[in-house]
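The values are calculated or read from the model by the stated rules, or taken from the named source; none is laboratory data. As the structure is a computational prediction, the values presented were derived from the model and not from experiment. Glycine also receives a Cβ, built like all others from the backbone with ideal geometry; neighbour counts cover every protein chain displayed. Just the protein is used for accessible areas: all its heavy atoms, side chains included, with ligands, DNA and RNA removed. Shrake-Rupley method; radii C 1.70, N 1.55, O 1.52, S 1.80 Å.
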Amino acid sequence: MSTTENTLPFIPFTRPHFNQETIDAVAEVLRSGWVTSGPKLAEFESTLSDYFGGRPVRCFANGTATMKIALQVAGIGSGDEVITTPISWVATSNVILSVGATPVFVDIDPVTRNIDLNQIAAAITPKTRAIMPVYLAGLPVNMDQLYDLAKQYKLRVIEDAAQAFGSQWRGQKIGSIGDLVSFSFQANKNLSTVEGGCLVLNNADEAKLAEKFRLQGLTRQGMDGMDVDVLGGKDNLTDVNAVIGLHQLKQLPAFQARRSSLAKQYFDAIRHEMESAGLGNLNLELPVENFTDSNWHMFQVVLPLEQLNVDRAQVMSELKDLGIGTGVHYPLITGFTLYQKLGFKTEATPVAKRIGRCILTLPLFPGMADEDVGRIAKGLTGILKKHRKN
Ligand SMILES: *Cc1c(COP(=O)(O)O)cnc(C)c1O
């Protein structure tokens, strides 16, 4: 129940933005008589390929299918191990299991909240085939160190860049460099096709293989019928989704500028509010202040729960009473029942275990107002002050 007389509008933690031009373009596709994968998909894929410096790109129905097909293209399956992070959307490790491989969880870096690259070498076994890093909130890992490791141990890299569309590494777009790079266009992502995803590949052969896995394993139809030579699924992206993506791409620079501006304001507002509330000794952890590489997919804080007498759910509920929506991205994957049943141990990754319990996503989306940032910072610090242990 709401305990405050709150008349201010509710701020969700995120909200997609589709302009009138996009809506008109969707209507046009619907009227055209060709609504599933066709000319708009081809145009979207070639536009994305240009965006990624000419590397081949194929689109899929969602980011999960994109990552699964990336694993299949890399030939990863039964008996193989894939090194990944336990702080991600569960899709990351679910796809590893779904191809019959085993996820090997390496702890995260408490500052970046991404997989700790320094701990990967110790997790490599003769069965290790790939590393699947996740760029949480759009902050990439150190790409030089990642690809040095891959080269040294002869491993494939499947980047779960679901949250990193528009992110960079030393001036180069994520996706324009590297091995297999997977993006999601789900509704909450920086670029959305409602649902969708794309995979950046190394060459035409890989692209052909990805197309086969995308559609039932079908080899090209010839004059004397069709053939199927691998087990594929039904994971194609439609023209309706593709045309949305084409229009979102045009707006991406504006979206990006707005996200960065809001993130900058968050740092100032939170530090200011913490100081004026006399909370300098509370260890509220802010994100890495990176305004060159991150696309600011999310603004996440790590709550100092050991210094508070409430849990995260209570903080979220009190923020909700103030009209502020928040999210948890993410709880520790190895804590889920399925992963517990499979024998994974939450204690194996202590940093991830703590952060999975304390991380909180604050609202951040291009349509958010500057004033919202101040309201959120004030609301959060007020709650921290109220529940601080003495
Ligand atoms: C969104 C997301 C996915 C999955 O993408 P879907 O399009 O929802 O299938 C995978 N990994 C991460 C880190 C994500 O944020």
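How much of the accessible area of region 263-390, probe 1.4 Å, is carbon plus sulfur, in whole percent?
Working: 2900 of 5590 Å².
C and S fraction of accessible area: 52 percent.
How long are the three semi-axes of the equivalent ellipsoid of the chain, in whole Å, if each is the root of 5 times an eigenvalue of the C-alpha gyration tensor, listed from largest down? Kindly include the intermediate steps, with their values, before the conclusion.
Values: eigenvalues 269, 142, 63 Å².
The equivalent ellipsoid of the chain has semi-axes of 37, 27, 18 Å.
Based on the Cβ-Cβ distance of Arg354 and Gln307, what FRET efficiency does E = 1/(1 + (r/R0)^6) give at R0 = 22 Å, to the nearest 0.05?
Working: r = 13 Å, r/R0 = 0.59.
Taking R0 as 22 Å, the efficiency between Arg354 and Gln307 is 0.95.
Can you pull the one-decimal nm distance between simple spin-label points at Phe18 and Lys151, each 7 Å off the Cα toward Cβ?
For Phe18 paired with Lys151, the spin-label model returns 4.4 nm.
Convert 20 °C to kelvin, take the viscosity as 1.002 mPa s, use the Kirkwood radius over C-alpha pairs of region 12-77 as Rh, and evaluate the Stokes-Einstein diffusion coefficient in µm²/s, rounded to a whole number. Write down the numbers at each step before the final one.
Values: Rh = 14.5 Å.
The Stokes-Einstein estimate is 148 µm²/s.
Helix-derived [θ] at 222 nm for the chain: sum -39500 (n - 2.57) over DSSP H runs of at least 4, divide by residue count, nearest 500? Walk me through the intermediate numbers first.
Values: 11 runs with 146 residues, N = 390.
Computed ellipticity for the chain at 222 nm equals -12000 deg cm²/dmol.
Using r as the Cβ-Cβ distance of Thr337 and Asp224, and R0 as 35 Å, what FRET efficiency do you calculate, to the nearest 0.05?
Working: r = 50 Å, r/R0 = 1.43.
FRET efficiency, Thr337 to Asp224: 0.10.
Could you give the nm distance between label points at Asp144 and Gln119, where each point is 7 Å from its Cα heading toward the beta carbon?
Placing both labels 7 Å beyond Cα along the Cβ direction yields 2.4 nm.
From the C-alpha coordinates alone, can you work out the Kirkwood hydrodynamic radius of region 166-253, in Å? Walk me through the numbers before you get to the answer.
On the way: mean 1/r = 0.0674 Å⁻¹.
Across region 166-253, the inverse of the average 1/r is 14.8 Å.
Taking R0 as 56 Å, what FRET efficiency do you get between Ser78 and Ser276 from their Cβ-Cβ distance, rounded to the nearest 0.05? List each step's numbers first, then the result.
On the way: r = 58 Å, r/R0 = 1.03.
Result of the calculation: an efficiency of 0.45.
Hey, could you get me the Stokes-Einstein D for region 20-246, Kirkwood radius over alpha-carbon pairs, 25 °C and 0.890 mPa s, rounded to whole µm² s⁻¹?
137
For labels at Val194 and Lys234 in the simple 7 Å Cα→Cβ model, what's the distance in nm?
My value for the distance between the label points is 1.7 nm.
Which number do you get for Rg(Cα) / (2.2 N^0.38 Å) in region 252-386?
Values: Rg = 15.9 Å, N = 135, 2.2 N^0.38 = 14.2 Å.
The value comes to 1.12.
In a GNM of the chain with a 10 Å cut-off on Cα contacts, which of Val288, Val243, Val134 has the highest mean-square fluctuation?
Ranking Val288, Val243, Val134 by mean-square fluctuation puts Val288 first.
Hey, which of these cross-link pairs are over 29 Å Cα-Cα: Lys264/Lys345; Lys173/Lys385; Lys40/Lys173; Lys208/Lys345?
On the way: Lys264/Lys345 37 Å; Lys173/Lys385 41 Å; Lys40/Lys173 24 Å; Lys208/Lys345 39 Å.
Going by Cα-Cα distance, Lys264/Lys345; Lys173/Lys385; Lys208/Lys345 fall outside the 29 Å limit.
Suppose the Debye formula is applied to equal point scatterers at every Cα of region 72-156; what is log10 I(q)/I(0) at q = 0.13, 0.16, 0.24 Å⁻¹?
-0.37, -0.57, -1.27
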